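Rule-based calculations on the coordinates, nothing more; no lab input. Please read these numbers as outputs of a predicted model, since none were measured by experiment. Backbone-built Cβ (ideal geometry, glycine too); neighbour counts: all protein chains shown.
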Amino acid sequence: MSDIKTLDRGDKFTHSSVGALHGFEGKQFLKDATGATSCEISFGSLPEGASVPFFHSHKHNEENYIILSGSGKFQVDDVVFDVAEGSVVRVATNCDRNLKCTSAEPMTYICIQAAEGSLGGFTMTDAEITERENRL
Ligand code: ZN
């Protein structure tokens with residue numbers, strides 16, 4: 001199991017980290033560390049041959065899985081398909097899901113969980129270009 005650390009915090013942001021992902025093991029939810037109010041994000045990692053030990057379904061939240069490393073199989077209800085580094089899988093509410101690592105390299109992924117249908121404005125319809133001194 002990896003620990004999450006809060007590295008920086010301000011009035012308008014929280015910076016947390018689970019550290020290097022190549023050594024990440026298990027599952028880590030981030031909402032409590034970051035204080036996120038719009039979604040729950042988690043890191044997950046499965047070693048070769050492992051799947052999540054249960055199927056689950058969500059009543060209100062869709063999930064978006066982003067595969068960061070490794071490859072394997074993803075199952076939604078009775079449909080199975082291949083996933084690999086770079087895959088993004090959106091899973092709707094009220095269906096069963098699980099994933100399994102079939103690569104020698106651990107399958108590391110991010111899961112973002114948010115209320116289905118809640119995305120209103122996004123990117124350029126929500127964002128605006130602002131004037132700020134660049135201190136980077
Ligand atoms: Zn879930």
- Task: Using only alpha carbon pairs under 8 Å that are at least six residues apart, calculate the relative contact order of segment 12-74 and give it in whole percent.
- Result: 24 percent
- Message: Using the Cα centre of the chain as origin and beta-carbon charges of +1 (Lys, Arg) and -1 (Asp, Glu), tell me which of Leu7, Phe122, Ser42 is placed farthest towards the positive end of the dipole.
- Response: Leu7
- Message: Test of the criteria: in segment 7-116, which trypsin sites (Lys or Arg not before Pro) are in a DSSP loop and have at most 12 other Cβ atoms within 10 angstrom of their Cβ?
- Response: Lys12, Lys59
- Message: Below 28 Å, Cα to Cα, which lysines can Lys59 reach? Residues fewer than 8 away in the same chain don't count.
- Response: Lys27, Lys31, Lys73, Lys100
- Over all directions, average the projected area of the Cα convex hull of the chain and note it in nm². 10.1 nm²
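In whole percent, what relative contact order does segment 47-104 give with Cα contacts below 8 Å and a gap of six or more residues? Walk me through the numbers before you get to the answer.
Working: 124 pairs, mean separation 28.6, N = 58.
Once normalised by length, the contact order is 49 percent.
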- Query: Of all chymotrypsin sites (Phe, Trp or Tyr not before Pro) in segment 64-136, which ones are in loop regions per DSSP and have a Cβ with at most 13 other Cβ atoms within 10 Å?
  - Reply: Phe122
- Query: Which values, in whole Å and largest first, are the semi-axes of the equivalent ellipsoid of segment 1-64 obtained as the square root of 5 times each eigenvalue of the Cα gyration tensor?
  - Reply: 24, 18, 7
- Query: Relative to the Cα centre, what is the charge dipole magnitude of segment 15-136, using +1 at the beta carbon of each Lys and Arg, -1 at the beta carbon of each Asp and Glu, and rounding to the nearest 20 debye?
  - Reply: 180 debye
- Note on the structure: Rounded to whole angstrom, the alpha-carbon centroid of segment 27-59 lies from that of segment 75-92 at a distance of 15 Å
